[in-house]
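One structure is given below, encoded as structure tokens.
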Amino acid sequence: MRPQLYFLPLLSAFLSVHAAPAETKAVWAGVHESVNSTHALTLGDNGLAKRDDCGSTRHLVNKNDIIAMANDLQNNNPNGNAYVGHQSWTAWTLGSASVCIHNWYLTENTHVTRWEAGWAVRYISDRCCNVAGNSQCSGGSCTAHGDSGLSLKVFLENSVDNCAYHS
């Protein structure tokens, strides 16, 4: 019996679909993204990385103001949206606490809910401000998401610091 050669293209297609993905890198106007990789996502010179940091503020923030701001954002009109245009930021302030949400995408716009902003404030507070007996916090940063799914960089800082400092 002769082997049937018409199965070869089908076998080749099956093997190519089930092959392990190769790491690819794409660059769009200074935006670098690693795909199928464990490397940090880095966007241009802005230093946006997919990791969280503590101590991002230049001035200390009162912990009570941080808690009050997180509660206000998540409990008073939590579904309210704030527009975050491409390469811009939005912010909320309460007392000495300020949360700055940056969109460093070159062309993509999004909205962020008050609830998401409050979640980010609470997350940074839980991660960076849990020093017993200290009523002050040095702030921090994390990644949140807009309603379109875009990753946004969030900074918790003192209200005297300027959100544009991170731009």
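Confirm whether Val121 is of a type outside the set (Asp, Glu), crowded, with 22+ Cβ neighbours inside 10 Å, touching a residue at least 24 places away in the same chain (Cβ under 8 Å) and in contact with a Phe, Trp or Tyr (Cβ under 7 Å, 6 or more places away or on another chain). No.
So for segment 119-135 (the condition being more than 16 Å from Asp52 (Cβ to Cβ), under 14 Å from the mean Cα position of the chain (by Cα) and modelled with pLDDT of 95 or more), does at least one residue qualify? There is no residue in segment 119-135 that is more than 16 Å from Asp52 (Cβ to Cβ), under 14 Å from the mean Cα position of the chain (by Cα) and modelled with pLDDT of 95 or more. Scanning segment 90-102 for residues that are under 14 Å from the mean Cα position of the chain (by Cα) and surrounded by fewer than 22 Cβ atoms within 10 Å (Cβ to Cβ) turns up just one, Thr90. Being more than 19 Å from His59 (Cα to Cα), touching a residue at least 12 places away in the same chain (Cβ under 8 Å) and assigned to a strand (DSSP E or B) holds for only one residue in Val99, Val112, and it is Val112. Could you list all residues from segment 121-157 that are in a strand (DSSP E or B) and over 15 Å from Ile67 (Cβ atoms)? Result: Ser141, Cys142, Thr143, Ala144, His145, Ser151, Leu152, Lys153, Val154, Phe155, Glu157.
Pro78 satisfies every condition listed in (1) without any contact (Cβ under 8 Å) to a residue 60 or more places away in the chain; (2) surrounded by fewer than 17 Cβ atoms within 10 Å (Cβ to Cβ); (3) out of contact with any helix residue (DSSP H, G or I) (no Cβ under 7 Å at 6 or more places or on another chain) except (3).
The values are calculated or read from the model by the stated rules, or taken from the named source; none is laboratory data. Bear in mind the structure is a predicted one, so any value in this text is a computation, not a measurement. Because the Cβ atoms are built from the backbone with ideal geometry, glycine has one as well, and the counts that use them run over all protein chains shown.
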